[in-house]
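Only the coordinates and a few stated rules stand behind these numbers; no lab work does. Values in this document were obtained by computation on a predicted structure and should not be read as measured data. Ideal geometry is used to build each Cβ from the backbone, glycine not excepted, and the neighbour counts take in all protein chains shown.
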Amino acid sequence: MKYVIILCICVLMLSCKTSTTETEIVFADNPVIAHRGAWKANGLPKNSIAALNEAIRLKCTGSEFDVRMTADEVLIVTHDADYGGLHIESSTYETLAQHKLPNGESLPTLKAFIKAGMVNNSSTGLVCEIKPSKIEGRNTLMAEKAVALVKELKAEAYISYYISFSYEVIKHIRQIDPNSKVLYLDGSKTPETLKLDNITGLDYFVYKLKDKPEWIDEARKLDLILNSWTANKQEDIDWLLSHNFDYITTDEPELAFDRLKLHK
């Protein structure tokens, strides 16, 4: 009887430990970030869960996606300010969701998208781009709601970076979540400014960096992350690889993997 009790206690302890252990994810050891998912080769909709799943299948180190907020403050994953002929910030999610993606998917909420990215994924980080709003107060609100949602889903380990063209957004994210990693997209700030503002790194258009190659060495000396978008041409991918960028954001992840093999 004593041994049965001991066995039951051991099983209970193991069960408790298993239920509280968070899923581990180790981002793939490559620089390839699929821009709006890996959509192009298979004709998938950009920013779709199908494109996210393909990026995960390819084992890209990251899959980037765009976040906007509806009139009723639902965070959704889509790029343009309009969807289905409707202005997103003036429309409710219920109205927008009446229009399916070309592959039949529902317009993904950020919650559904993140949850999908946590399934069968041990290698691909979620790169969350928050699209700026011109409405006063919405930028910080989107930042707060996004961070709160990630915490609610216990998805912190899956979010590799928050990125935005809004400096206000990424600075606010760093303030409310000091452990977050944020990259600036606009290309207007020097590496020194980013460092002073506690920004993790830069994610600039490839041609802006070609115009200011000195920023690459400066960023590296300041221990800033180097990413660049959107590198779709072979020559641009090769240039970024030759300069040892941490990440390359591309619509052509398959091409990037091919070029990476040649550069090793």
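Applying a length cut-off of 18 Å (Cα extent along the axis) and a mean Kyte-Doolittle floor of 0.5 to the DSSP H helices of the chain leaves 2-20. If you wrap the tightest convex hull around every Cα atom of the stretch 26-101 and split its volume per residue, you get 94 Å³.
GNM remark for the chain: springs join alpha carbons under 10 Å apart, and the peak mean-square fluctuation among Asn30, Asn232, Asn42 falls on Asn42.
For Ser91, the residues 5 or more places off, or on other chains, whose built amide H falls under 5 Å of its own are Ala71. Counting only DSSP beta bridges whose two residues both lie in the chain, roughly 20 percent are antiparallel. Along the axis of the charge dipole computed for the stretch 26-263 (Cβ charges of +1 for Lys and Arg, -1 for Asp and Glu, origin at the Cα centre), the listed residues Ala34, Gly187, Ala55 are led at the positive end by Ala55.
3J(HN,Hα) along the stretch 102-108, derived from phi through the Karplus expression 6.51 cos²θ - 1.76 cosθ + 1.60 where θ = phi - 60°, amounts to x, 8, x, 5, 6, 4, x Hz, with x in place of Gly and Pro.
If you take all other residues with their beta carbon under 12 Å from the beta carbon of Arg220, and give Lys and Arg +1 and Asp and Glu -1, the sum is -3. Distant-in-sequence amide contacts of Asn232, defined by a placed amide H-H separation under 5 Å and a gap of 5 or more residues or a different chain, comprise nothing.
For the options Asp197, Asp211, Asp80, a Gaussian network treatment of the chain with springs between C-alpha atoms closer than 10 Å singles out Asp211 as fluctuating the most. Across the chain, the convex hull enclosing all Cα atoms gives 175 Å³ per residue. Among Asn139, Asn103, Asn121, the largest mean-square fluctuation in a Gaussian network model of the chain (Cα springs under 10 Å) belongs to Asn103. Counted by Cβ distance under 10 Å from Ser180, the other residues give a net charge of 0, where Lys and Arg count +1 and Asp and Glu count -1.
Relative contact order for the chain: 17 percent, from Cα pairs under 8 Å spaced at least 6 residues apart, divided by residue count.
In this structure, Asn179 and Tyr207 have a Cβ-Cβ separation that, at R0 = 45 Å, corresponds to a calculated FRET efficiency of about 0.90.
Counting only DSSP beta bridges whose two residues both lie in the stretch 60-141, roughly 50 percent are antiparallel.
Here the stretch 163-227 and the stretch 25-73 have alpha carbon centers that stand 21 Å from each other.
Couplings 3J(HN,Hα) of the stretch 192-202, computed from phi: 4, 5, 4, 4, 5, 8, 6, 8, 5, x, 10 Hz, in residue order, whole Hz [Karplus 6.51 cos²θ - 1.76 cosθ + 1.60, θ = phi - 60°; x for Gly and Pro].
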